[in-house]
Structures are given as structure tokens and as C-alpha cells.
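Peer 1: The following block contains the structure, expressed as C-alpha cells.
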Amino acid sequence: MTIKPLNWGLLSTARINRALITPLRASARNHLAAVASRSQAGAEAYAREWSIPKAHGSYEALLADPEIDVIYNPLPNHLHKEWTIRALAAGKHVLCEKPIALTPGEVDEMAAAAQRYGKVLAEAFMYRHHPQTLLARDLVEQGAIGRLQLVRGSFTFSMKTDTNIRLNPEMGGGSLWDVGCYPISYARHLIGAEPLEVFGWQLTGESGIDDSFFGQMKFPGGIYAQFDSGFRTPFRTHLEIVGSEGTLTIPAPFKPGLEEVITLVREEKMERISVPARELYIGEVEDLADCILTGKTPRMTLADSRANVAAIVALLEAAQTGRPVRLPANNI
């Protein structure tokens, strides 16, 4: 039986849209149908540039379009909750860019709306769908490095401007929300548990957001995670997974390319493991299609998203107060 492709609408002309355009066009089950901007002229110009069939001059017009099945929400962080809930209420499924929200309570509101309107909502953590991440999790679970002890990660880059929205505290700015969320999410995913206690230090910029963040997390079973994130440091991505019998090193954990190799070291012997090639963003697109068309549970569940937000909020509190923060046992 032929299945009608899901029609997607882009909620704004944000730069990150470009990451979704190629996989949407490569997918047999998804179709990029429309884009919305805050002006008709802006929407039409973007639609011409990227050959998108329909252009809407307001976000409301896109949500009211009866032909649209799925909304991609790449708006600034502080607008994720409002426009995701509005899209769900309009009868649309939603893929919301990370971080899905800025407090656990906001995630709860979004999850309640998805349930109320019977629609699928997922956070766009693209790395979680990539073969490299699945391979790393399998190796850890299979005991390739023995008992897991430590996960260390970094994600930094040098921002060359002082006017980026990621520097605005009122818009959910800061390196922790923008890129620190990745090593936090990856550590939680590999460990398969939530942190019991966290602590962090931050270097604040002129606007008051964390230009750099340095965090630690304590997990059940004597497992720890350490990470750093930043806007004023050269580009660095790295993940090291340390066990009682070996280490696994991932040079590009958060944005893997098509020819990645990870390194497993055991008993002083190094093994280089090639990662199956896959376009980075296709996984989140196909996963959402699976959920909508077959009823599958999203790989990135809302409980998972909520727990990541809770960990970030706790880390920020620790940095601001100078004291470790314990997370509730039901942080899911």
C-alpha cells in the first residue's frame, strides 16, 4: 500500500533549517512542503532560494495550513514551549530543536499537550540516531571496556560576534544550553541512568550568560561524567569513555561525518573501528516518521528530554550558588 508522504513545514527561516532540507528531500516518507517567516516577503524569498512549494507570511498561517502534518520548530530556545504547544493544538506533530525547553516544568506542559492532542513530539538531538552513537552504546553494554567508570566530553567553538541570540540570557542563551547539552545527553545515554548530584563552574560573558562551563556529574554505581562547553574557545569535540578494562575514544561524537573511526584500547592494544556511513540528520526525520506512521516510541523520549533539561538546570544552579546540587530520585 502506498503511504502519502508527511508534509513538513519549517517554522521560521532559521539557519539550522538547512540541516533538515536535504534529509527531508531524500526521504520517501517525508516531504518539505512549506516555510513560514514573520513577513510574506521573507517567506517567499526563502522559499525561492530553497525551492519550497509554499510560503507563509506568519507562523500562525503555517499552523493553520491543513496540508501540513509536521512542524519543525527551530525558534530561539525561549520560544520552544509556546510554539510547540501551539503547533500541537493546531493538530501538527512536532520535531523541536534542542534544548526542547528551559525548565522541566516546560517539558511537562509540552508533553501534556502532545498527549492531549494525540500528536508526536520529539526533541531534535540528531546524534542520538546516528550509527556511531548506537555502536558506542552497544560496545559499552557488551562490556568492551569492562565496568563503566567515567565519561568525559567537550564541545566548544569560538564565536566571533557579540550580537548572537545565544548570548542573550532572556532567550535561553549560554554555552551550556547550546552545546553543553550534548555531552550531558551523551553521558546520560551511555550510563543509562540519571545523575544523583552535579557541580559546575562558569565563566560569564558581558551579557551574563556562561561563555564557558565546566561540569561534573555523579551517577549511581560510582560512575562519573566530566565535560566542558564554550563559546570563546577553539572548536573542540571529543568523547572519552573509560572502563575498568579499556577506553573508547570518539573524535566527533556530536556531529559525526560520513567517514568516522572510533578507537578502542584494551590491554594496551588499539583497535580502530569504522562507523557505518549515514547522513547526520536523516535519523531524526525517519524516526519521527516511524512514530507517526507506525506508533513507534521515539528514540529520544520526552522523559529523556526532561531529564536532560533537569540536569542542565541543576548545573546552572550549582555554578551560580557555588554548591553541589542533588537531583530528585524521580528525575525522569
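Peer 1: For the range 157-175, what are the residues that are over 19 Å from the mean Cα position of the chain (by Cα) and either part of a loop (DSSP other than H, G, I, E, B) or of a type outside the set (S, T, N, Q) (or both)? Quick ask: steps written out before the conclusion?
Peer 2: Initial filter on the range 157-175 (over 19 Å from the mean Cα position of the chain (by Cα)): 158-164, 168-170.
If the condition is that a residue be over 19 Å from the mean Cα position of the chain (by Cα) and either part of a loop (DSSP other than H, G, I, E, B) or of a type outside the set (S, T, N, Q) (or both), then Met159, Lys160, Thr161, Asp162, Thr163, Asn164, Asn168, Pro169, Glu170 are the ones that fit.
Peer 1: Residues to consider are Gly283, Gly246; find the one that is in contact (Cβ under 8 Å) with a residue 40 or more places away in the chain and touching a His at 6+ places or on another chain (Cβ under 7 Å). Quick ask: steps written out before the conclusion?
Peer 2: Details: Gly246 fails: touching a His at 6+ places or on another chain (Cβ under 7 Å).
Going through Gly283, Gly246 in turn, just one is in contact (Cβ under 8 Å) with a residue 40 or more places away in the chain and touching a His at 6+ places or on another chain (Cβ under 7 Å): Gly283.
Peer 1: Do you know which residues across the range 229-244 are more than 19 Å from Leu264 (Cα to Cα) and either hydrophobic (A, V, I, L, M, F, W, C) or not in a strand (DSSP E or B) (or both)? Spell out the reasoning first.
Peer 2: Step one: list which residues in the range 229-244 are more than 19 Å from Leu264 (Cα to Cα), which gives 229-236.
Residues satisfying the conditions are Phe231, Phe235.
Peer 1: In the range 211-228, which residues are closer than 26 Å to Val265 by Cβ and part of a strand (DSSP E or B)?
Peer 2: If the condition is that a residue be closer than 26 Å to Val265 by Cβ and part of a strand (DSSP E or B), then Phe214, Gly215, Gln216, Met217, Lys218, Phe219, Ile223, Tyr224, Ala225, Gln226, Phe227, Asp228 are the ones that fit.
Peer 1: In the range 153-163, which residues are in contact (Cβ under 8 Å) with a residue 24 or more places away in the chain, surrounded by fewer than 19 Cβ atoms within 10 Å (Cβ to Cβ) and either within 18 Å of Ser244 (Cα to Cα) or not charged (D, E, K, R) (or both)? Let's see the steps before the verdict.
Peer 2: So the first thing to find is which residues in the range 153-163 are in contact (Cβ under 8 Å) with a residue 24 or more places away in the chain, and the list is 153-159, 162.
From what is left, the residues that are surrounded by fewer than 19 Cβ atoms within 10 Å (Cβ to Cβ) are 157-159, 162.
Scanning the range 153-163 gives Phe157, Ser158, Met159.
Peer 1: May I ask you to list the residues in the range 51-60 that are crowded, with 19+ Cβ neighbours inside 10 Å and assigned to a loop (DSSP other than H, G, I, E, B)? Explain how you work it out, then say what you get.
Peer 2: First, pick out the residues of the range 51-60 that are crowded, with 19+ Cβ neighbours inside 10 Å: 52, 54-56, 59.
Within the range 51-60, Ile52 is the sole residue that qualifies.
Peer 1: Something else: Do you know which of the residues in the range 61-102 that are assigned to a loop (DSSP other than H, G, I, E, B) and acidic (Asp, Glu) is nearest to the chain's Cα centre (by Cα)? Walk me through how you get there before you give the answer.
Peer 2: First, pick out the residues of the range 61-102 that are assigned to a loop (DSSP other than H, G, I, E, B): 65-69, 74-76, 90-92, 98-102.
This time we only want the ones that are acidic (Asp, Glu), so: 65, 67, 69.
On the way: Asp65: 27, Glu67: 27, Asp69: 22 Å.
By that ranking, first place goes to Asp69.
Peer 1: Taking the criterion of being in a loop (DSSP other than H, G, I, E, B), in the same structural domain as Arg147 (by TED's automatic domain parsing) and among the hydrophobic types (A, V, I, L, M, F, W, C), would at least one residue in the range 247-257 satisfy it? Write out each step before concluding.
Peer 2: To start, the set of residues in the range 247-257 that are in a loop (DSSP other than H, G, I, E, B) comprises 251-257.
From what is left, the residues that are in the same structural domain as Arg147 (by TED's automatic domain parsing) are 251-257.
Add one more test, that the residue is among the hydrophobic types (A, V, I, L, M, F, W, C), and what stays is 252, 254.
Yes - at least one qualifying residue is present in the range 247-257.
Peer 1: Among all residue pairs at least 6 apart or on different chains, which show Cβ distances below 6 Å where the first residue, located in the range 30-50, is part of a helix (DSSP H, G or I) and the second is not hydrophobic (A, V, I, L, M, F, W, C)?
Peer 2: Gln40/Gly57; Ala43/Ser37; Ala43/His56; Ala43/Gly57; Tyr46/Thr13
The values are calculated or read from the model by the stated rules, or taken from the named source; none is laboratory data. Predicted, not measured: the structure shown is a model, and the values here were computed from it. For neighbour counting, all protein chains shown are included, and Cβ atoms are generated from backbone atoms with ideal geometry for every residue, glycine included.
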